[in-house]
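Peer 1: This is the structure I want to talk about, given as structure tokens.
The values are calculated or read from the model by the stated rules, or taken from the named source; none is laboratory data. Just so we're clear, the structure is a prediction, and the values are computed from it rather than from any experiment. A quick note on method: Cβ atoms are made from the backbone with ideal geometry, for glycine too, and the neighbour counts reach across all protein chains shown. Each accessible area value is taken on the protein alone, full model and side chains, heavy atoms only, with ligands, DNA and RNA left out. Shrake-Rupley method; radii C 1.70, N 1.55, O 1.52, S 1.80 Å.
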Amino acid sequence: MCRASLALIALCGLVPFSGLTASASSPAYGPDDIIPVPAEYEVSSGTFSLDGDKTFFLTGDKTFGSDGRAAVVEALKSFSSGMKESDNARSADIVVVVDGKKFMKKTSLEHALLDNEALLGEAYRLEVAPDRITIHAADAAGAFYALQSLVQMAGPDGSSDIQCCVIDDVPCFEYRGLHFDVSRHFRSKEFLMKQMDAMAMLKLNRMHLHLTDGAGWRIEIEGYPRLTDFAAWRPYRKWSDWWVSDRHYCEKDAAGAYGGYYTREDIEEILAYAAQRHIEVIPEIEMPGHSEEVIAAYPELSCSGKQYGSGDFCPGKEATFTFLEDVLSEVMELFPSEYIHIGGDEASKSAWKTCPDCCRRMQEEGLEDVDELQSYLIHRIEEFVNSKGRKIIGWDEILQGGLAPNATVMSWRGTEGGVKAMKSGHDVIMTPGAYCYLDYTQDAPFKEPISIGGYISLAKTYSYEPAEEGLTETELSHLLGVQGNLWAEYIPEDSHAEYMYYPRAFAIAETGWSRPEDKNYEDFHRRALSLSEHLAGLGYTTFDLKTEYGDRKESLVPLKHLAVGCDVDYSSPINSQYPASGETSLVDGILGGWTYGDKKWQGFLTDFDVTVDLGSVQPVHYIGATFMQVASAWVYLPEKVDIYVSEDGSDFRLAGSVWRDLSSKADGLFFKQYGIICNESARYVRIHADNSGIEGAWLFTDEIVVN
């Protein structure tokens, strides 16, 4: 195991660091090896060696605080088994100065970059000379992050030589997060702590815990024991098996019960571990939807009063607000976080339309529809949370019906919700699914573990920039940062979860910390290879970048055929969520990639029926279109495709038909080419595809090919 790996293990508090001696030929690692890339740095000749006993000196104890000082001391001692504290700065090998005024005098960063108090607290200046390392920071967090840079500069290959340099560094965004779905599959506190170690090295500072959802309740609430005796357990280990079953729960001592929850003591331990790594843990309690497990435990909180059948709380009942306020009170007693996440996404609201309690509430409050009723619930919860000195975050659906006055929006359905919220003066965290959903496969699906569908490569995640053009400086001031989300429907194993996080979490970290002009994917890829090796040496399961296959090869080369550039008449409506490039998309010569979300596949919720005008009557020998199936995402192959031809556009004759030959229950990503070989003379080509007949099913196709 390399010296740097041992150093990080000690930093993480896993094993004591014994110290190794590097050979004279050990390469030096410097600031150009760090993820996230620093704001400014200058490399000079020479190296600092960690060989031998070293001493450190800390000054600025009042600014440090006891917890901050302890974290820095622990990190410093990880560099060498003989590292001891010195009683004066002159003789120390590593000097850490935490003093805002001194930092501002020392740093070369533009002071405008440090106007944000939160960013200033994480900024640092790191000076590496042959005989001494000096760290200047305005706060303990900055000193801690300087040490994380040193850990990476120790290198993944065992070098104890650190390249002499000066680094001046400050993050772009104050919120840099990762999301952990512990509802679908419960993760132990040890797993969460292990991920905090990696997060700290990447300077990620928010852990979003998705504690509740239909798949299980994961936090002890003293006043509601059925949440952890019953709602935290299900009779199926795999979420997918539970989902296709009756979706019932079971008692915790039932044979085969699968699940778990965090006790109050577990939470306290997790939070203490996070605090030492300057990570804020944000709890999420879902409402008003995704609450099937609560309704099963306390059915009186639903509109119907029945145990199963709905996942929505009843906002017409005062009992609902009593429950939510009781739960949130306990959560806020445990979690010191500024924010409490209240979900707010994907509530069906269907039962509210006919529920007597909901109808009465709407009449009393003058609410026009169920969207406004949801907004009423969010407003009430926000007032309660604000009364405790906290703020709420919700997914972008909380915009429906009018946004709560002080709410922060987490934008996942694209970026539109986030942009709208910023323009209306609300704080925003960007986490658009097309870039930041880490549960999508990161390489060619045929070689990857089964996933929920979609394809987001490391390059795609890295390409995302949260600050969109066209927003004013005032609007952009509401952009708090970025987050990567990992939903765990198809990820039961801890090792699989790590595999999906890394290295894409590296890209989230660099997007959140580094300036856009400092980002370069080719260089990032080099650093990501090295850091992946480093994490693997520490016992993490990481995706192997060296064997990356990449996007669907057919999508990389333009296709030439008779229909390219021709007019297309749509008898079936393109769904506005997946229009690709509009009415030219199916004849642009561009085939789709691994995911329907790549803006090359066109989506339909109806039968598919289009006609292509080739411009003149000509010989036609092949007509076809490729369709996609991802059953987990409700994307299915058509039952049958009929292909017609015509000379005049009025009289069409059937040239051939193709039927599906794959079960709608088949797991994974599949493509089928519905094509015929023919000997026709035609100007018009019509393709009609029958939707699968499954409620809510999507049809996706990328190109109509005619030869």
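Peer 1: For region 222-239, how many residues are within 16 Å of residue 186 (Cβ to Cβ) and surrounded by 17 or more Cβ atoms within 10 Å (Cβ to Cβ)?
Peer 2: At the first step, the residues of region 222-239 found to be within 16 Å of residue 186 (Cβ to Cβ) are 227-239.
Filter once more, so that each one left must be surrounded by 17 or more Cβ atoms within 10 Å (Cβ to Cβ): 227-228, 230-236, 239.
Residues that pass the stated criteria total 10.
Peer 1: Tell me the residue from 606, 595 that is in a loop (DSSP other than H, G, I, E, B), open to solvent by less than 30 Å² (accessible area, probe 1.4 Å) and either over 15 Å from residue 457 (Cα atoms) or touching a strand residue (DSSP E or B) at 6+ places or on another chain (Cβ under 7 Å) (or both), please.
Peer 2: Working: 606 fails: open to solvent by less than 30 Å² (accessible area, probe 1.4 Å).
None of the others qualify; the one that does is 595.
Peer 1: Of all residues in region 374-422 being hydroxyl-bearing (Ser, Thr, Tyr) and assigned to a helix (DSSP H, G or I), which is least open to solvent (accessible area, probe 1.4 Å)? Talk me through it step by step, then tell me what you get.
Peer 2: Filtering region 374-422 for residues hydroxyl-bearing (Ser, Thr, Tyr) gives 375-376, 387, 408, 411, 415.
Okay, now just the ones that are also assigned to a helix (DSSP H, G or I), so 375-376, 387.
Working: 375: 6, 376: 34, 387: 85 Å².
Restricting to residues being hydroxyl-bearing (Ser, Thr, Tyr) and assigned to a helix (DSSP H, G or I), the top hit is 375.
Peer 1: Write out, first by first residue and then by second, each pair whose Cβ atoms fall under 7 Å of each other, whose residues are 6+ apart or on separate chains, and whose first residue, in region 62-79, is at pLDDT below 65 while the second is surrounded by 17 or more Cβ atoms within 10 Å (Cβ to Cβ).
Peer 2: Final answer for the pair search is 79/7; 79/50; 79/54.
Peer 1: I've got another one for you. Quickly run through region 410-440 and pick out the residues that are among the hydrophobic types (A, V, I, L, M, F, W, C), over 15 Å from residue 173 (Cβ atoms) and out of contact with any Ser or Thr (no Cβ under 6 Å at 6 or more places or on another chain). Give the steps one after another, and end with the answer.
Peer 2: Start the filter on region 410-440 by keeping residues that are among the hydrophobic types (A, V, I, L, M, F, W, C), which leaves 410, 412, 419, 421-422, 428-430, 434, 436, 438.
With the extra rule that they be over 15 Å from residue 173 (Cβ atoms), the set shrinks to 412, 419, 421, 434, 438.
Answer for region 410-440, where residues must be among the hydrophobic types (A, V, I, L, M, F, W, C), over 15 Å from residue 173 (Cβ atoms) and out of contact with any Ser or Thr (no Cβ under 6 Å at 6 or more places or on another chain): 419, 421, 434, 438.
Peer 1: Any residue that is among the acidic types (Asp, Glu) and at pLDDT 90 or above - is there at least one of those in region 148-164?
Peer 2: Residues of region 148-164 that are among the acidic types (Asp, Glu), as a first pass: 157, 161.
Now restrict to residues that are at pLDDT 90 or above: none.
No: region 148-164 contains no residue that is among the acidic types (Asp, Glu) and at pLDDT 90 or above.
Peer 1: I'd like to know if region 550-572 contains one or more residues that are modelled with pLDDT of 95 or more, touching a strand residue (DSSP E or B) at 6+ places or on another chain (Cβ under 7 Å) and open to solvent by less than 10 Å² (accessible area, probe 1.4 Å).
Peer 2: Looking through region 550-572, at least one residue is modelled with pLDDT of 95 or more, touching a strand residue (DSSP E or B) at 6+ places or on another chain (Cβ under 7 Å) and open to solvent by less than 10 Å² (accessible area, probe 1.4 Å).
Peer 1: Of the residues 425, 481, 454, 433, only one is buried (at least 20 other Cβ atoms within 10 Å of the Cβ) and within 23 Å of residue 341 (Cα to Cα); which?
Peer 2: On the way: 425 fails: buried (at least 20 other Cβ atoms within 10 Å of the Cβ); 454 fails: within 23 Å of residue 341 (Cα to Cα); 433 fails: buried (at least 20 other Cβ atoms within 10 Å of the Cβ).
So the residue among 425, 481, 454, 433 that is buried (at least 20 other Cβ atoms within 10 Å of the Cβ) and within 23 Å of residue 341 (Cα to Cα) is 481.
Peer 1: Here's another thing I want to ask about it. Scan region 177-189 and report the pairs whose first residue is touching a residue at least 12 places away in the same chain (Cβ under 8 Å) and whose second residue is buried (at least 23 other Cβ atoms within 10 Å of the Cβ) and charged (D, E, K, R), with Cβ atoms within less than 7 Å and a gap of 6+ or a chain change.
Peer 2: Correct list of pairs: 177/206; 182/218; 183/213; 183/218; 184/213; 186/218.
Peer 1: Sort through 189, 203, 194, 252 and tell me the only one that's modelled with pLDDT of 95 or more and either open to solvent by less than 10 Å² (accessible area, probe 1.4 Å) or under 21 Å from residue 451 (Cβ atoms) (or both). Write out each step before concluding.
Peer 2: On the way: 189 fails: either open to solvent by less than 10 Å² (accessible area, probe 1.4 Å) or under 21 Å from residue 451 (Cβ atoms) (or both); 194 fails: either open to solvent by less than 10 Å² (accessible area, probe 1.4 Å) or under 21 Å from residue 451 (Cβ atoms) (or both); 252 fails: either open to solvent by less than 10 Å² (accessible area, probe 1.4 Å) or under 21 Å from residue 451 (Cβ atoms) (or both).
That would be 203, the only listed residue that is modelled with pLDDT of 95 or more and either open to solvent by less than 10 Å² (accessible area, probe 1.4 Å) or under 21 Å from residue 451 (Cβ atoms) (or both).
Peer 1: Then there's this: Considering only region 544-566, state which residues are in contact with a Lys or Arg (Cβ under 8 Å, 6 or more places away or on another chain) and in a loop (DSSP other than H, G, I, E, B). Don't jump to the end; show me each part of the working.
Peer 2: In the first step, residues of region 544-566 are kept if they are in contact with a Lys or Arg (Cβ under 8 Å, 6 or more places away or on another chain); the result is 549, 555.
Selection gives 549 alone.
Peer 1: Just to be sure before I move on: is residue 284 surrounded by 22 or more Cβ atoms within 10 Å (Cβ to Cβ) and either at pLDDT 95 or above or part of a helix (DSSP H, G or I) (or both) in the structure I sent? Steps first, answer last, please.
Peer 2: Details: surrounded by 22 or more Cβ atoms within 10 Å (Cβ to Cβ): yes; either at pLDDT 95 or above or part of a helix (DSSP H, G or I) (or both): yes.
Spelling it out, residue 284 is indeed surrounded by 22 or more Cβ atoms within 10 Å (Cβ to Cβ) and either at pLDDT 95 or above or part of a helix (DSSP H, G or I) (or both).
Peer 1: Further question: Contact list please: Cβ distance under 7 Å, first residue in region 568-595 and over 26 Å from residue 550 (Cα atoms), second residue at pLDDT below 95 and charged (D, E, K, R), pairs at least six apart or on different chains.
Peer 2: If the second residue must be at pLDDT below 95 and charged (D, E, K, R), the pairs left are 568/583; 570/583.
Peer 1: Using the structure shown, decide if residue 218 is surrounded by fewer than 17 Cβ atoms within 10 Å (Cβ to Cβ) and of a type outside the set (A, V, I, L, M). Break it down into steps so the answer makes sense when it comes.
Peer 2: Numbers: surrounded by fewer than 17 Cβ atoms within 10 Å (Cβ to Cβ): no; of a type outside the set (A, V, I, L, M): yes.
So residue 218 fails the test.
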